[in-house]
Amino acid sequence: MTTYKFINSILLSVFIIALTSCNTGTKTNAENKTEEVLPEDIVELRADQIKLANIQTGSIEMHSLSGKLKVSGIVSVAPQNMATVCMPMGGFVKSTSLMPGNVVHKGQILAILENQEYVDIQQNYLEARNKLDFAEADYKRHSELFKNDVYSEQNVQQVTSDYKNLKAQVKALEQKLAMIGINPSGLHEDGISSSVAVVSPISGFVKTVNINIGKFVAPADVMFEIVNSDKLFLELTLFEKDADKAVSGQKINFFINNETEQHEAVIYQTGKSISSDKTYKVYATVSGVCKNVLPGMYVNAIIEAAGNDVTALPAEAVVSFDDKDYIFIFDKNKEEKGKPLTEYRMIEVHKGITDAGFIQVIFPEGFDVKTAKVVVKGAYNLLSAKKNAGEMSC
């Protein structure tokens with residue numbers, strides 16, 4: 001490879017010398033003659049120079065280029081796959097055996113809490129339920145007596161009100177018991193307990209443990225964080241100018257940390273607005289099971305941009321100079337002092353996506369893409385000669 005580069009450097013040097021050597025004679029013999037001044041965007045070559053520089057021209061073609069878009073983002077989980085475990089009614093931690101990273105299943109006991117209030121609410125519920133049984137029987141009896149004109153309407157209304165109030169009280173206590181994990185239908189006078197079990201609402205792994213034995217847990221305190229990593233998604237950030245390059249269904253290859261292992265994802269949704277920092281969100285579902293991919297990880301991703309038919313040239317046909325991109329096109333053949341010459345014109349263009357050795361080229365307004373003959377090989381030789389040789393006429 002080193003020898004190849006060395007030979008190329010020699011050939012380029014020879015080419016530049018060949019281009020510039022003619023200028024000396026021209027200046028010596030042109031003291032009393034008017035010398036042609038070439039425009040800044042023209043390069044003029046003889047036939048032997050064209051051969052030495054390996055200049056080849058071709059036409060502009062339409063190609064379907066997909067291109068690759070490099071973006072970054074983080075690994076996330078859907079809200080339904082992440083759970084924050086709290087206790088609606090506080091208590092002291094009686095026991096727990098979990099550590100961060102432990103795998104848990106839905107319904108598994110995470111901890112046991114103890115509190116006198118658990119006893120009180122069970123007692124209140126059982127008392128209210130017993131009163132409701134009596135009030136219901138009394139309500140039915142008074143309703144029958146009222147129908148037979150034995151009981152006054154006012155008394156029936158009072159009994160009805162008491163019955164409905166007790167019924168509402170029992171329903172409310174049932175809901176409170178259910179919130180702390182006690183099944184009201186299975187509760188009886190001999191089953192009152194001062195402790196309740198905190199169970200996992202989802203299957204997954206324990207991300208955070210914020211409790212220890214003896215600690216009092218308030219209703220607002222987070223006891224555990226549980227994450228189900230079976231269904232992960234990527235939250236990727238694109239710049240505003242690339243918003244049209246990502247659509248639902250596109251495949252994504254991504255990498256985590258410094259790993260070389262490639263993971264796959266598929267875009268399922270794109271953002272509907274541009275953020276204040278001119279970025280755009282894209283969301284993709286991780287395909288398969290990736291053991292090393294965890295929520296919160298930073299990722300680098302490559303989006304296979306959707307293919308479009310665009311005007312394209314071989315990548316080597318586009319050259320860069322002073323932070324601008326150019327191509328060379330055949331301008332005309334002419335004869336000067338009995339020597340045949342060829343002029344090539346330098347045209348400023350803008351580059352688009354690159355794919356499979358071709359590059360999208362955006363031409364200036366009014367450029368005729370159908371008839372133009374573009375230098376597809378040797379463009380860098382023309383650029384080097386133009387930068388180093390000054391005037392190209394011979």
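The values are calculated or read from the model by the stated rules, or taken from the named source; none is laboratory data. Everything numeric here is computed off the predicted structure, so don't read it as measured data. Positions of Cβ are backbone-derived with ideal geometry, glycine not excepted, and every protein chain shown enters the neighbour counts.
Details
- Evaluated against (1) out of contact with any strand residue (DSSP E or B) (no Cβ under 9 Å at 6 or more places or on another chain); (2) assigned to a strand (DSSP E or B), Leu236 falls short on exactly one condition, (1).
- Residue match in the range 114-130 (condition: in contact with a Phe, Trp or Tyr (Cβ under 7 Å, 6 or more places away or on another chain), not hydroxyl-bearing (Ser, Thr, Tyr) and not in a loop (DSSP other than H, G, I, E, B)): yes
- Every condition in (1) in a strand (DSSP E or B); (2) in contact with a helix residue (DSSP H, G or I) (Cβ under 8 Å, 6 or more places away or on another chain) holds for Ile274 except the one numbered (1).
- Enumeration of residues in the range 141-190 that are of a type in the set (A, V, I, L, M), over 60 Å from the mean Cα position of the chain (by Cα) and either closer than 29 Å to Ala111 by Cβ or in a helix (DSSP H, G or I) (or both): Leu145, Val156, Val159
- Selection within the range 86-143: residues that are surrounded by 15 or more Cβ atoms within 10 Å (Cβ to Cβ) and basic (Lys, Arg). The member of this set that is nearest to Ile180 (Cα to Cα) is Lys94.
- Residue list for the range 338-356, restricted to those being in contact (Cβ under 8 Å) with a residue 12 or more places away in the chain and not in a strand (DSSP E or B): Ala356
- Some residue of the range 289-310 being farther than 30 Å from Glu261 by Cβ and touching an Asp or Glu at 6+ places or on another chain (Cβ under 8 Å): no
- With respect to the conditions (1) charged (D, E, K, R); (2) modelled with pLDDT of 90 or more; (3) in a loop (DSSP other than H, G, I, E, B), Lys281 falls short on a single one, namely (3).
- Residue among Lys94, Lys51 that alone is modelled with pLDDT of 90 or more and among the basic types (Lys, Arg): Lys94
- Residue in the range 196-219 that is of a type outside the set (Asp, Glu) and touching a Cys at 6+ places or on another chain (Cβ under 7 Å) present: yes
- Qualifying position, being basic (Lys, Arg) and touching a strand residue (DSSP E or B) at 6+ places or on another chain (Cβ under 6 Å), among Lys231, Lys207: Lys207
- Hits in the range 73-82 (condition: surrounded by 12 or more Cβ atoms within 10 Å (Cβ to Cβ) and either at pLDDT 95 or above or outside any strand (DSSP E or B) (or both)): Ala78, Asn81
- Flag for Asp190 being within 30 Å of Gly249 (Cβ to Cβ) and loosely packed, with under 12 Cβ neighbours inside 10 Å: no
- Residue match in the range 326-345 (condition: farther than 26 Å from Asp48 by Cβ and of a type in the set (Asp, Glu)): no
- Residue count for the range 57-72 satisfying the condition of being part of a strand (DSSP E or B), more than 22 Å from Ile302 (Cβ to Cβ) and out of contact with any Ser or Thr (no Cβ under 8 Å at 6 or more places or on another chain): 2.
- Ile359 vs. criteria within 16 Å of Ile42 (Cβ to Cβ) and part of a strand (DSSP E or B): no
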